[in-house]
Each structure stands twice: as C-alpha cells, then as structure tokens.
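Since every read-out is calculated from the coordinates, none of them should be taken as a lab result. Since this is a predicted model, take the numbers as computed values, not measurements. Cβ atoms come from the backbone with ideal geometry, glycine included; neighbour counts cover every protein chain shown.
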Amino acid sequence: MSVAFCCPSYKRPGQVRTVEYVPWLRVYVDGIEADEYRMNNPGVDIVACPDGVQGNVSRVRNYIMREEFAAGHEGVVLLDDDMRNIAYWDGEPRTDRHELPTEYLREWVDHNMRVAHEWGAYMWGVNLMPDPQAYNITCPFTVTRPVLGPFQAFRAGSGCWYDERLYLKEDYDMFIQQMNRHRKVLRLNRYFYQCKQSENIGGCATQRNMRREKEQLELLQRKWGRQIVRNDGHKDRSHRAKKSRVSTIDYNPVIRVPISGV
C-alpha cells in the first residue's frame, strides 16, 4: 500500500525532531521558511506550501492530505514535528516498554492501514498516553476512543476535512467528524506516541493562550454539543488519586460520542 508520511511545521526550523525517527518524512513548511528548514535539516524532504496556507494548522493539514491523495497515495499519516517515536507495552503487568524500531515503522503502518480497511475505518491511530494503566490488555483495540494530532492516519476517501475555524482543537473535531460519518475510528491501545508538545516554541504555540484555548473549546462545544464535548475542569487526568489532581482549568476536552462499541 502506498502511504505518505507527512508533518506540518511552522517557525521551528531547528526543532523538527520527528525526522530523527522517520527520516523519509515530508515536512510541509511556509515558503518563506523553506530555505532555513533545508539548511537545518539536510537531506530531509522539505515541501514549501503556497502563500496563504501556513499560519493555520487545519488549513495546512487539509492541504497536505489533498496533495498526497491527489498524488495517488492510498493512505496518509500526519505526524507532529515533535514526535520522538512510537512505543508499546509488552508483558504482564505491562512492565516491558519497547520502542517500535524505525526499520519496522513502514511495515507496521501498512499492516494497520489494511486492518483499518477491513474494519471499515477511514482513520486510525494509537493510545494518547504512555501510562501503562491506560492500556487494558483485554481490549487491544477500540473504535470509539479519540485519536489525536501527534499521530493520525487516514485512508483515502474518508470525506472528512479539518475544520479551519478550529486551529487549536482540529484533531478533536476530526475524530468526532469521523465517528459521525463512519461510526468508528480504530485505535491501537497497546501503542502510544512520545512527544514534547508543551516544550517547543513555534507551531501552534505561537497562537496558544488561555483566551484562545477557551474560545476554541467553546466553538467545538457549540458545533457538537456539550454532551459530546465535555470539560472536567482539571488539569491532570492521570490515574493518580483525585485528591492529588490540580484543580486549575484545562481546556482540553473530554470526548464522549453517543455511539456503541468498544
């Protein structure tokens, strides 16, 4: 199966960590930054976006998918530029942590694209957290749980596009779109990504502040309803005791789609 591995990057010419793990990655950047990206990332396939594309991550993601599917690819994997690797748990009680080697990544993606096809899913991905408690060994797959931005994989023909109004919550919205249209998104619970979303400058960090986060969450809630897009008001959603949770506002929503399935 022909699959394109791509990532959008903006104002981070010296911080594209994903190419260390995926050296064949196609990095889509603003045209005025292309030369600086090439200088900082020798040998990497840097694609200059036309004027007016960069500056909105949803618009860039849509541009990437249209370009790659139009080129004949059957699948597109969209990665964040700060993803270090894909890892997975093994053993019981989930004590053995392994990194999926780069040399097996293409084969692994190709296999899971075919699994998604057999299951009737047009989008698939991995667990959101590296916490071993998030992996239920009796439920290696789910079809109603979110798959978010650091790793989102698509098959051609889904009919869903990123909502360009939601430049900070676009990945949540895409998951809900896929569920609404196709009734399932395949998630591999054994696997998870490792990235440093909160530590880098540039990218969406240039647009993030509490006011915009709140506005984007409210827009997502108006679009899909507060029964689907919820906010629990806590910053820490780990599996620690409730008494240790930090009670500050968290504008990352909890998604609950009213669709049956695991």
Quiz item: Going by a ≥ b ≥ c, the root eigenvalues of the Cα gyration tensor, does the stretch 1-64 fall in the rounded group (a/c under 1.5), the prolate group (a/b larger than b/c) or the oblate group?
Solution: oblate
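First check a/c for the stretch 79-204, with a ≥ b ≥ c the square roots of the eigenvalues of its C-alpha gyration tensor; if it is under 1.5, answer rounded, and if not, answer prolate when a/b is larger than b/c or oblate otherwise.
Taking the square roots of the gyration eigenvalues as a ≥ b ≥ c, the stretch 79-204 is oblate.
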Quiz prompt | Span from the the stretch 100-170 Cα centroid across to the the stretch 2-47 one, whole angstrom | solution = 22 Å
Quiz item: Put +1 on the Cβ of each Lys and Arg and -1 on the Cβ of each Asp and Glu in the stretch 3-198; which of A70, G149, V53 then has its Cα farthest toward the positive end of the dipole?
Solution: G149
Self-check item: Estimated distance in nm for a label pair at H182 and D35, the labels positioned 7 Å out from Cα along Cα-to-Cβ
Solution: 4.1 nm
Quiz item: Once you sort the root eigenvalues of the Cα gyration tensor of the chain as a ≥ b ≥ c, which label holds: rounded (a/c under 1.5), prolate (a/b larger than b/c) or oblate (the other case)?
Solution: rounded
Quiz item: If Lys and Arg each add +1 and Asp and Glu each add -1, what is the summed charge of the other residues whose beta carbon sits under 12 Å from the beta carbon of C6?
Solution: -2
Quiz item: Most fluctuating residue of G149, G55, G225 in a GNM of the chain with Cα springs under 10 Å: which is it?
Solution: G225
Exercise. Using θ = phi - 60° and the Karplus relation 6.51 cos²θ - 1.76 cosθ + 1.60, list the HN-Hα couplings for the stretch 13-18 in order, rounded to whole Hz, with x at every Gly or Pro.
Key: x, x, 10, 7, 6, 5
Self-check item: Long-range HN-HN contacts of Y28 with modeled amide H, under 5 Å
Solution: C7, S9, V47
Quiz item: With a 10 Å Cβ neighbour count serving as the proxy for reagent exposure, in which order, fewest first, do K196, K184 appear?
Solution: K196, K184
Quiz item: Among C6, C139, which comes first, second and so on when ranked by fewest other beta-carbon atoms within 10 Å?
Solution: C139, C6
Quiz item: Label points 7 Å out from Cα along the Cβ direction at R222 and D110: separation in nm?
Solution: 4.7 nm
Quiz prompt | ³J(HN,Hα), Karplus 6.51/-1.76/1.60, whole Hz, each residue of the stretch 164-178, x for Gly, Pro | solution = 6, 6, 9, 7, 10, 10, 5, 6, 4, 5, 4, 4, 5, 4, 4
Self-check item: In order through the stretch 181-196: 3J(HN,Hα) via Karplus (6.51 cos²θ - 1.76 cosθ + 1.60), integer Hz, x for Gly, Pro
Solution: 8, 10, 6, 6, 9, 7, 10, 8, 6, 6, 9, 8, 9, 10, 8, 10
Quiz item: If you count the DSSP beta bridges with both ends in the chain, what percent of them are antiparallel, to the nearest 5?
Solution: 55 percent
Quiz item: Most fluctuating residue of P132, P42, P23 in a GNM of the chain with Cα springs under 10 Å: which is it?
Solution: P42
